[in-house]
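Structure first, commentary second.
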There are 6 protein chains.
Amino acid sequence: MPIVTIQVTREGNTPGTNAVTAEEKRQLIKGASQLLLDVLNKPVDTTFVVIQEVDLDNWGVGGLTVPEYRRQKQAKES
Amino acid sequence: MPIVTIQVTREGNTPGTNAVTAEEKRQLIKGASQLLLDVLNKPVDTTFVVIQEVDLDNWGVGGLTVPEYRRQKQAKES
Amino acid sequence: MPIVTIQVTREGNTPGTNAVTAEEKRQLIKGASQLLLDVLNKPVDTTFVVIQEVDLDNWGVGGLTVPEYRRQKQAKES
Amino acid sequence: MPIVTIQVTREGNTPGTNAVTAEEKRQLIKGASQLLLDVLNKPVDTTFVVIQEVDLDNWGVGGLTVPEYRRQKQAKES
Amino acid sequence: MPIVTIQVTREGNTPGTNAVTAEEKRQLIKGASQLLLDVLNKPVDTTFVVIQEVDLDNWGVGGLTVPEYRRQKQAKES
Amino acid sequence: MPIVTIQVTREGNTPGTNAVTAEEKRQLIKGASQLLLDVLNKPVDTTFVVIQEVDLDNWGVGGLTVPEYRRQKQAKES
């Protein structure tokens, strides 16, 4: 009866995408359920997975919003 | 001072609805607050209830997204 | 497939108890599941309820921990 | 490596705003990260902050949705 | 920068164990981080995983606590 | 009515401590409540703060539990 909550930024992550795609969500759900079966022997039937997409402005790291954090990181590296 | 978080799929649940309605939300909030009062003697005034509606594609069960899970279940039953 | 999370302080709430009792937990779980059935027609079988007991020192309200908040409130009222 | 989750109602909070603004989000993220550094010596670089804006109809207090709660409170005070 | 939260009952799940073991936790953390890398291209370095073990009495399904639910299920099957 | 949830590892963080101390918890609660007042004008009275201490083995970063992650990081740096 596990519950897996996956929080990610709302954006594209792989080439040619501008959002988490339906196919990627399917893979996250399948993979998380399989992980709980493999490691803890939890039946896939009763594992819930909830994906929460968080706007970039609502996610902070390094004391900055994600867009600012990335700009600053890029500026340092260039 | 309890906090009750209710996570449900974003969809209609009763005949004639295609979303969780304002009236249903009122009943969830009222009922959850009453439950905490009845069972644990918690004053309704300081109970918070947060309803989180989750897109069907973002909710997984049985290793599948909810729409796929329902299709598969229906196929088995028919 | 709803998930209901109930966060309460770890303490007794009714006369003669010094903790949330097993019976009270049963009632919270039964009541929350029934609420989702009554309001949103969700089958009880696939509703998860998770109770999180939080130490009094880890819960804050009014800018104070719960024990301080209660002391201050009592002082004001007396 | 702390995670700070800030849940607030989705609305304006200061004069001239009708939503949590980008600048307010920046201040929340900066302030929460600084707090963890000041109190627990946690490096800002590895503190995550997630802001969750909750629709007014999805937030309950006093057994009512926030809009109802405010109307009732205002009625009592006038 | 994903955050993966895994909630499971506090108990043994595989032969010879009476709790989620340190090795199982390692596998959950490794597997969840790898999943986010494989599906969404998220660097493992900045993925957080939080495992929450929930006492059996604090987890409800089918309107019952987990121990009651299992007893009832077993009674039906025998 | 904000809710601030602070998740940190269960350990000492400042010289001479081996756990998050009562005083540190007080400062986290006070500071988080003040932040919501300063930035969003939220009355301190109705802000809830919940601190969740997570065992080191239950927190993962970089695909490893925190203790392993620190050992590996230290090994690289030395």
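The values are calculated or read from the model by the stated rules, or taken from the named source; none is laboratory data. This is a predicted model, so every value here is computed, not measured. Cβ placement follows ideal geometry from the backbone for every residue including glycine, while neighbour counts extend to all protein chains displayed.
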Give the residues of region A:54-78 that are touching a strand residue (DSSP E or B) at 6+ places or on another chain (Cβ under 6 Å) and of a type in the set (D, E), sorted by residue number. A:D57
Just checking, which of E:L40, E:L64 is within 18 Å of A:P2 (Cβ to Cβ) and of a type outside the set (V, I, T)? E:L64
With respect to the numbered conditions (1) within 14 Å of chain A (Cβ to nearest Cβ); (2) crowded, with 21+ Cβ neighbours inside 10 Å; (3) closer than 23 Å to B:Q52 by Cβ, which one is the sole condition not fulfilled by D:L36? (3)
In this structure, is E:R71 more than 14 Å from chain F (Cβ to nearest Cβ), out of contact with any helix residue (DSSP H, G or I) (no Cβ under 7 Å at 6 or more places or on another chain) and not in a strand (DSSP E or B)? yes
If a residue has to be among the β-branched types (V, I, T) and in a helix (DSSP H, G or I) to count, how many in region F:9-43 make the cut? 2
Can you tell me which residues in region B:1-33 are within 10 Å of chain D (Cβ to nearest Cβ), among the β-branched types (V, I, T) and closer than 25 Å to A:V49 by Cβ? B:I3, B:V4, B:T5, B:I6, B:V20
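Okay, residues lined up against (1) surrounded by fewer than 15 Cβ atoms within 10 Å (Cβ to Cβ); (2) among the hydrophobic types (A, V, I, L, M, F, W, C); (3) without any contact (Cβ under 8 Å) to a residue 60 or more places away in the chain:
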position: B:G16; (1), (2), (3): yes, no, yes
position: B:E23; (1), (2), (3): yes, no, yes
position: B:A32; (1), (2), (3): no, yes, yes
position: B:D45; (1), (2), (3): yes, no, yes
position: B:V49; (1), (2), (3): no, yes, yes
position: B:V54; (1), (2), (3): no, yes, yes
position: B:G63; (1), (2), (3): no, no, yes
position: B:K73; (1), (2), (3): yes, no, yes
Test E:G12 against the criterion of being at pLDDT 95 or above, buried (at least 17 other Cβ atoms within 10 Å of the Cβ) and not acidic (D, E), and give yes or no. no
Of the conditions (1) farther than 25 Å from A:V4 by Cβ; (2) away from chain E (no Cβ under 11 Å), F:I51 satisfies every one except a single condition; which number is it? (1)
Taking region A:54-68 and the residues there that are assigned to a helix (DSSP H, G or I) and acidic (D, E), the one that is farthest from the other protein chains (Cβ to nearest Cβ) would be A:E68
